[in-house]
Amino acid sequence: MNVTGHDSLKARRTLEVEGRRYDYFSLPAAAAAAGLGDISRLPFSLKVLLENLVRLENGRTVTVDDIKAMGQWLANKSSDREIAFRPARVLMQDLTGVPAVVDLAAMRQAMVELGGDPNKINPLSPVDLVIDHSVQIDNFGNPQAFAANVKKEFERNGERYRFLAWGQQAFENFRLVPPGTGICHQVNLEYLSQVVWTTDEDGKTIAYPDTLVGTDSHTTMVNGLAVLGWGVGGIEAEAAMLGQPISMLIPEVVGVRLTGKLAEGATATDLVLTITQMLRRRGVVGRFVEYCGPGVAELALADRATIGNMSPEYGATCGFFPVDAETIRYLDITARDPARVKLVEAYAKAQGLWRDADTPDPVFTDLLELDLGSVEPSLAGPRRPQDRVSLSGAGKGFDAELPRLAGVNALRTQKVRGTNYDLHDGDVVIAAITSCTNTSNPSVMLGAGLLAKKAVEKGLKVKPWVKTSLAPGSQVVSDYYEKAGLREYLDKIGFNVVGYGCTTCIGNSGPLPEPVADAIDEGDLAVCAVLSGNRNFEGRIHAQVRANYLASPPLVVAYALAGTIRTDLTKDPLGEGGDGQPVYLRDIWPSNREVADTVASSVTRDSFKRRYGNVSEGPPEWRQVTGAGGQTYEFEDRSTYLALPPYFENMPKEPGAVSDVIGARELAIFIKTESPAGEYLISYQVRPSEFNSYGARRGNHNVMMRGTFANIRIRNEMVPGVEGGMTKLMPDGTVMPIYDAAMEYKKRGVPLVIFGGKEYGTGSSRDWAAKGTLLLGVKAVIVESFERIHRSNLVGMGVLPLQFKDGTTRQTLKLNGDEVLDIVGVADGLRPRKELVLRIRDASGSTRDEPVICRIDTLDELEYYRHGGILQYVLRSLLKEAT
């Protein structure tokens, strides 16, 4: 795929670094040619977007007017201009990556059926898929835990792993990082990212900023390394993978000016929880956040990555740090190619992307300030990442939440059968140093190890009701624990390594010990988890745990020792030491200097070089996995994990004309065993204990379409007073599951429409929220407003997104579900944002017309819709090239 366009602005220049020549697209030259004025104080993150526009300007997808809009942004500090962004690469994890590879496999099959060459179907942008989201903590607290969990992981996911191994062999431009290596964000930070990307084109080497989109919202961790990227839904990622641009508004940019330095005892985790609370209060949804000020130089790159990781929690698209001397130091210690490190520094300075002490702060839409010295030890909980509480106030905060959590005011106790202890409201039953936010950060990870060492030396032990786990974000972490001599102490108090991957944070915390689980249920207790992750929503970490607290790794260990969230760790003892005397947190908390010295002596370049030198090998279990198939994949009819999707069934070589929607019915808006997905799995002799998760089965549309509107809390106004994925089949009036109704409508040849409110699609599993909608037979979604990515994904699947005019809602239209609907104006010529007519015929036979806006926003999106979706568009384009 070409990475350059027309160069209408004559901005192409040459940069020589260490005797090698690179072509690049000069921002100062482009700014002068386009009349942008002085762009030196344009936010660094927007300079990266500007370079993308300058390099890819082609008169259609990107125009000179798009580039000029950056000058208007500088004048107004905002813009309503929509631009097309093409990231350099795509990052995937396995839960969201499997369905993308399934779609590629389906495209290959369709290419064969259409008489084309299946080898033409490959990612056009580089794709890295890291298998990291499938390991669960079934075993813990013993030296065999890691091996036992790996064994179980491969038993559960053998079919998916064989499929991915096939994809690695079958596709070009597709790299696979095997399970057991680490979490995608940390592997991306420590190895995959280059800061400046290069591509050979027409005999020249083109240098440009490393940018990406990822199928995990915490792709933003790499913003700390000056790599611009963010999380997207699977369909948007597939579009990028297939060389299509991503539509986005030029964002507003909120600056956070940092001053001072962290005080003794404060950690990067405390800092990010403070920032999350601050930015949530200000409101940064849909905006970029960029960090500036002298305090930036006081933060190690791993601290910056911790802050970048939490961007989704404070609501921002990204949390960006520019290139500086610390960036270069990190690239060097993580064993990047020395020539690449030299290029990064030279390129950043040539492009005005370099920051140092003399660099003035950019111009921002809004600016906040934070003195790092004001940050205090903190947690966040019990249910939202922005609910920061001071360490001293955590216990009181839980007590205040108890009536909401449990419906009681007084603390309760329950005997744990077969033990000599009781369980109480507020007790910590899960203490997890879990991959993602903090496991890339040696200071907090080694801080946890040092605290464990001091705890063992004092004779402290973890409380017996606590399930402990350590899931490093990469194998490098285990190396520096060994080098620092701390691994044995973590093992002694139960923080044995359970796996390398995303665990507790996504609910892969595994079962609690049976006596503890039974006591929770018998006493209806409100128990707690303390984890070093980024998500703590109610019900996410474990179904039996109502209160979840985010904390630094050292505090995770401390709460495991204390055994309850109700202890004030600033003044109450953690427990009794071996001498019978009380031991306080202050007695075992390592000093900042102690942590810094340990980091300096144990985190080495050699470890990164060794661990990532053979990154594709994987553990012995992976090396025994063999991919089945050749150019195309042979899907098994009875598989409940993988199935050939029907997107290309009976697809002609040329698209037909788009048509109006006539005679539609409302479907509605809204894995448990009684759900349609559960019944489907049971019909294939899959026991409920083996359901695994929706995430693991995203490669099978038969499961996922049944789960599309199956959330147990969703409400459909067609069936008042009923929670869950139910609707009313019309005109019969029969109440039934949405999936069953959709299939009945399909038999009857009735198209379907969904109505919704504001920001429709927010919080959804993005790829299947659109894919499932299509497969259920929905032709249009009509709402007050769309979540940006979901609107794009609906178009990408060939579903028509429509928006009411201001003042009109489903309530003002008095819809009750018995209407018959037509959408008129599509067939006579569709164009972006065209006004269409929604014709409503109610049960009495009366008809009324309401205007709705077609939210197909660009010409490229119109092409996708005309072809029936982005996959069909790309397939037909490649078919034409092949013939």
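The values are calculated or read from the model by the stated rules, or taken from the named source; none is laboratory data. Here the structure is a predicted model, which means the values were calculated and not measured. Every residue, glycine among them, receives a Cβ derived from its backbone with ideal geometry; neighbour counts consider all protein chains shown. In case anyone asks, the SASA skips ligands and DNA or RNA and just uses the protein heavy atoms, side chains included. Shrake-Rupley method; radii C 1.70, N 1.55, O 1.52, S 1.80 Å.
Within the set of pairs 6+ apart or on separate chains, which have a first residue in segment 478-495 that is over 24 Å from G563 (Cβ atoms), a second that is buried (at least 21 other Cβ atoms within 10 Å of the Cβ) and β-branched (V, I, T), and C-beta atoms under 7 Å apart?
Matching pairs, first to second residue: S478/V497; Y480/V603; A484/T598.
Would you be able to say whether some residue in segment 233-245 is touching a Lys or Arg at 6+ places or on another chain (Cβ under 7 Å), open to solvent by less than 10 Å² (accessible area, probe 1.4 Å) and not in a helix (DSSP H, G or I)?
yes
Residues are listed down the side, and each one gets a yes or a no for (1) touching a strand residue (DSSP E or B) at 6+ places or on another chain (Cβ under 6 Å); (2) at pLDDT 70 or above; (3) surrounded by 20 or more Cβ atoms within 10 Å (Cβ to Cβ):
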{"residue": "R698", "(1), (2), (3)": "no, no, yes"}
{"residue": "R706", "(1), (2), (3)": "no, no, yes"}
{"residue": "M718", "(1), (2), (3)": "yes, yes, yes"}
{"residue": "V722", "(1), (2), (3)": "no, yes, no"}
{"residue": "A741", "(1), (2), (3)": "yes, yes, yes"}
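Residue-wise test of (1) closer than 17 Å to F44 by Cβ; (2) assigned to a helix (DSSP H, G or I).
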residue	(1), (2)
R280	no, yes
D303	no, yes
T306	no, yes
I328	yes, yes
V363	yes, no
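Output the helices (runs of 4 or more DSSP H) that fall wholly within segment 483-588 and possess 2 or more residues being under 22 Å from N139 (Cα atoms) and of a type in the set (V, I, T), or say none. I'd like the intermediate steps shown before the answer.
Working: elements: 487-492, 514-523, 553-562, 585-588.
Per the criteria, 514-523, 553-562.
Read through the list (1) hydrophobic (A, V, I, L, M, F, W, C); (2) open to solvent by 10 Å² or more (accessible area, probe 1.4 Å); (3) closer than 28 Å to R623 by Cβ, then give the number of the only condition that M248 fails.
Every listed condition holds for M248 apart from (3).
Scan segment 398-411 and tell me whether some residue there is open to solvent by 70 Å² or more (accessible area, probe 1.4 Å) and in a loop (DSSP other than H, G, I, E, B). Show your work before the answer.
At the first step, the residues of segment 398-411 found to be open to solvent by 70 Å² or more (accessible area, probe 1.4 Å) are 400, 404, 409, 411.
Of the ones still in play, those that are also in a loop (DSSP other than H, G, I, E, B) are 409, 411.
Checked segment 398-411: at least one residue is open to solvent by 70 Å² or more (accessible area, probe 1.4 Å) and in a loop (DSSP other than H, G, I, E, B).
Take the residues in segment 1-41 that are outside any loop (DSSP other than H, G, I, E, B) and acidic (D, E); name whichever of them is least open to solvent (accessible area, probe 1.4 Å). Break it down stepwise before answering.
Kept after step one, since they are outside any loop (DSSP other than H, G, I, E, B), are these residues of segment 1-41: 12-17, 20-25, 27-34.
If we keep only those that are acidic (D, E) as well, we get 16, 23.
Numbers: E16: 119, D23: 19 Å².
Looking at the filtered set, the residue picked out is D23.
Residue under question is T61, and the condition is that it be outside any strand (DSSP E or B), of a type in the set (S, T, N, Q) and surrounded by fewer than 23 Cβ atoms within 10 Å (Cβ to Cβ); does it hold? It would help to see each step written out before you state the result.
Numbers: outside any strand (DSSP E or B): yes; of a type in the set (S, T, N, Q): yes; surrounded by fewer than 23 Cβ atoms within 10 Å (Cβ to Cβ): yes.
Judged against the criteria, T61 is a match.
Residue under question is S552, and the condition is that it be modelled with pLDDT of 95 or more and surrounded by 20 or more Cβ atoms within 10 Å (Cβ to Cβ); does it hold?
Working: modelled with pLDDT of 95 or more: yes; surrounded by 20 or more Cβ atoms within 10 Å (Cβ to Cβ): yes.
Yes; evaluated as a whole, the condition is true for this residue.
E345: under 22 Å from L228 (Cβ atoms) and more than 27 Å from the chain's Cα centre (by Cα), yes or no?
Working: under 22 Å from L228 (Cβ atoms): yes; more than 27 Å from the chain's Cα centre (by Cα): yes.
It is true that E345 is under 22 Å from L228 (Cβ atoms) and more than 27 Å from the chain's Cα centre (by Cα).
When you scan segment 807-862 for strands (runs of 3 or more DSSP E) that lie fully inside it, which ones turn up with 1 or more residues that are open to solvent by 30 Å² or more (accessible area, probe 1.4 Å), within 20 Å of M797 (Cβ to Cβ) and modelled with pLDDT of 95 or more?
Values: elements: 820-824, 835-841, 847-854.
Qualifying strands (runs of 3 or more DSSP E): 847-854.
Yes or no, residue by residue, for (1) crowded, with 24+ Cβ neighbours inside 10 Å; (2) of a type in the set (S, T, N, Q); (3) closer than 23 Å to L512 by Cα; (4) touching a helix residue (DSSP H, G or I) at 6+ places or on another chain (Cβ under 6 Å):
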| site | (1), (2), (3), (4) |
| --- | --- |
| N420 | no, yes, yes, no |
| D427 | yes, no, yes, no |
| A432 | yes, no, yes, yes |
| S435 | yes, yes, yes, no |
| L446 | yes, no, no, yes |
| L450 | no, no, no, no |
| A455 | yes, no, no, yes |
